[in-house]
Structure formats: structure tokens, C-alpha cells
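Report on one structure; see the data block that follows.
The values are calculated or read from the model by the stated rules, or taken from the named source; none is laboratory data. Note that the structure is a prediction, hence the values are computed from the model and not measured. Neighbour counts are summed over all protein chains in view; Cβ atoms, including those assigned to glycine, are modelled from backbone coordinates with ideal geometry. Surface accessibility is based on the protein's heavy atoms, side chains included, excluding ligands, DNA and RNA. Shrake-Rupley method; radii C 1.70, N 1.55, O 1.52, S 1.80 Å.
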Amino acid sequence: MRRIAALFAAALLLGGCGIGPGEEHEGGAVIRVTRDFGHKELGSATTKTLREDQTVMRLTTEKFDVSTRFGGRFVQAIDGLEGKGAGGSHDWFFFVNGVESETGAAEYELSSGDRVQWDYRDWGTAMRVPAIVGSFPAPFLTGLDGKRRPVRVECDDAGSQPCKDAKHALEQVDVPVSSSSLGAPGTEQVTRLVVARWPRARIVRGAFTLEEGPEASGVFARFSKDGRSLDLLDERGDVARTLSAGDGTGLVVALRPRSDELVWLVTALDQEGLAAGVRALRENELRDAFAVAATGRTVEKLPLESP
């Protein structure tokens, strides 16, 4: 029953095919197709123009070989890679500017600069992943639903180098930012980048779900209740690696605690890890990732791949 309910929810989310084309305008979009939580790229396409009523589904069917089911309201396959349906737990999900859409693919009308990612993944551990980091510099640069939102950087230490570097990373991609203290009010309709060590970062709305695992947070990492360790998980939700203060590993994750609220969180158990997480705020480091764990030497996509 859980699988059937999940497929029905996904069908409503992904939607079907739209109707005829509209007038073309300057400004395009990017569409990327991946699998296994963004670990493997399967294809990509870029448009230089965008029709005024261009939908995610229409763009996908123009650029890839797509088959549908449930009367055209569910993506069955892209380029021959098929969802498993009620008998399995692998299907296609899409994000626009790093946010899992609450609108079906046939109804979601694209705006100039939008970045679409379709990912084929196992939903057995986390049915919903509300937001991911793999479209950077979206959503900071592009906004959401065609509306560019103010961007705010919040730090637990405003004078620290990681805080300064986080602001610089956004300014480097032409994103104007404001600053505030950690946990400042007025979070609605603002896209936030929070830079704070754990467990101090726990005061951010929704961050507590990082103690509860991917079913609650959509992130395949879990902090211990005492705030002293961090488990990096595989796609089954099993512990692949356990970290503690001194390991110098930072997390970069995206959370959507409410429908009108979007927050990116760079956090770590130590200052070295916090700096490593901020250094990962680069398009080439985050591309297609759901979330990442970063050190001074590596940036690894989460969930970690099973041996």
C-alpha cells in the first residue's frame, strides 16, 4: 500500500503532457537528467529561447525520449530507463532551481534561466526530497516560480572567514545579499544561506530534522542527538561513515521547512569543516548533487554510494 500511495503522489507531482506551443522569447533554460540522487549524469540540454507557456513536460519531451503512464500523467521512462511502478521503489522525480515541484510537470511553466533536473532514484528511504543543492547558483540567482527573491546570509559568527567567504561566493555569481544574525525573523519569501556550526545551527527552522534522518529531512546525513557526531548515510539510510569534531567535514544541504521558506545550510562539527563546506559553494562542485559532504580535499555527493 505504501508503494501504491507513493506512486499516486508522484503521479500528481509529475503531471502529464501540455497543449500547443506559445510565442517564443529570449532567454532559455537548462534541463539535466540524472540517476541515483544525482550521482550519474544521463543527459543534458540547453535552450536559447523559451516559449511563454513552455512547461517542464513539454521541454522534456522535446529533448528526450519520454514515455508516460496513468493517462499521460506520470513519467514512466526517459530514454528507455523505466520506473518500477507499484512493484518497485524506483521512479522519476523533478526539481526546478533545486526545489521539488508541488506542481505537475505539464502545468509547471518555465521562466528564463530555470534549471530543471530529472532524477531517477530509489524512494524507499525518502519519498520526498523537498530541496537539493545541485542547481547552484539557482535558486539564489533565479528565484522560484519566475520570481527572484531577496537573498540573506545568516552566520553564527558574522566576522568569521567562512561567513565572509559565503557572501563572496554568492556575489561572485551576481547575487546581491543582505546579512543578519542567526535566527533573525522574517524568513518568508527570502532565500537564506545559513553558515553555522552544529549544534548551534539547530535553531534554524527545520534544521532539527537533520537529527531524524532522510525520511524527515530529505538529507542522507544524520546528526546525533547530543550533537557530537555526524553519520553520513547510503541510499538505504544505513550508516556509511561516522564523523566527529576534528574530522574537518562540512555539510551543504537545502531544506524547505515550509512551502514559503527555503534555506540552504552549511554546517559542521568544527570550524575547519565549516570552511570546507563554504568552499564547496561552486557550480562545478555542487552540480546535480542532492547534498554534499566536503573536506579540504574532496566533495562527496550524498547519499554515499554503497561499496
* Asked: Does PRO162 meet the test of being in contact (Cβ under 8 Å) with a residue 40 or more places away in the chain, within 18 Å of VAL278 (Cβ to Cβ) and in contact with a strand residue (DSSP E or B) (Cβ under 6 Å, 6 or more places away or on another chain)?
  -> yes
* Under the condition of being touching a Phe, Trp or Tyr at 6+ places or on another chain (Cβ under 6 Å), modelled with pLDDT of 95 or more and not β-branched (Val, Ile, Thr), which residue from region 65-91 is most open to solvent (accessible area, probe 1.4 Å)? -> ASP79
* Any chance ALA105 is on the phi < 0 side of the Ramachandran plot and open to solvent by less than 10 Å² (accessible area, probe 1.4 Å) -> yes
* Of the residues in region 279-289, how many are assigned to a loop (DSSP other than H, G, I, E, B) and touching a strand residue (DSSP E or B) at 6+ places or on another chain (Cβ under 6 Å)? -> 3
* Asked: If you go through region 255-272 one residue at a time, how many are over 17 Å from ASP165 (Cα atoms) and in a loop (DSSP other than H, G, I, E, B)?
  -> 3
* Residues in region 219-242: is at least one of a type in the set (D, E, K, R), touching a helix residue (DSSP H, G or I) at 6+ places or on another chain (Cβ under 7 Å) and open to solvent by 60 Å² or more (accessible area, probe 1.4 Å)? -> yes
* Considering region 163-184 alone, what residues qualify as being assigned to a helix (DSSP H, G or I) and open to solvent by less than 10 Å² (accessible area, probe 1.4 Å)? -> CYS163, ALA166, ALA169, LEU170
* To do: Name the residue, out of ARG115, ARG128, ARG121, that is open to solvent by less than 30 Å² (accessible area, probe 1.4 Å), basic (Lys, Arg) and within 23 Å of LYS301 (Cβ to Cβ).
  => ARG121
* To do: Examine region 38-61 for a residue that is open to solvent by 50 Å² or more (accessible area, probe 1.4 Å) and either assigned to a helix (DSSP H, G or I) or at positive phi (or both), and state whether such a residue exists.
  => yes
* Asked: Of all residues in region 276-296, which are farther than 30 Å from GLU188 by Cβ and of a type in the set (A, V, I, L, M, F, W, C)?
  -> ALA276
* Asked: Does region 133-149 include one or more residues that are touching a residue at least 60 places away in the same chain (Cβ under 8 Å), of a type in the set (Gly, Ala, Ser), surrounded by fewer than 19 Cβ atoms within 10 Å (Cβ to Cβ) and part of a loop (DSSP other than H, G, I, E, B)?
  -> no
* Considering each residue of region 243-254, count those that are open to solvent by less than 10 Å² (accessible area, probe 1.4 Å), touching an Asp or Glu at 6+ places or on another chain (Cβ under 9 Å) and assigned to a strand (DSSP E or B), and give that number. => 2
* Residues of region 255-282 satisfying the condition of being over 19 Å from the mean Cα position of the chain (by Cα) and open to solvent by 10 Å² or more (accessible area, probe 1.4 Å) -> LEU269, ASP270, GLN271, GLU272, ALA275
* To do: Assess whether PRO257 counts as being closer than 21 Å to ALA138 by Cβ and out of contact with any Leu (no Cβ under 9 Å at 6 or more places or on another chain).
  => yes
* Can you name every residue in region 94-132 that is touching a strand residue (DSSP E or B) at 6+ places or on another chain (Cβ under 7 Å), among the β-branched types (Val, Ile, Thr), in a loop (DSSP other than H, G, I, E, B) and over 17 Å from GLU41 (Cα atoms)? -> VAL129
* Any chance ARG205 is charged (D, E, K, R), at pLDDT below 95 and over 14 Å from ALA291 (Cβ atoms) -> yes
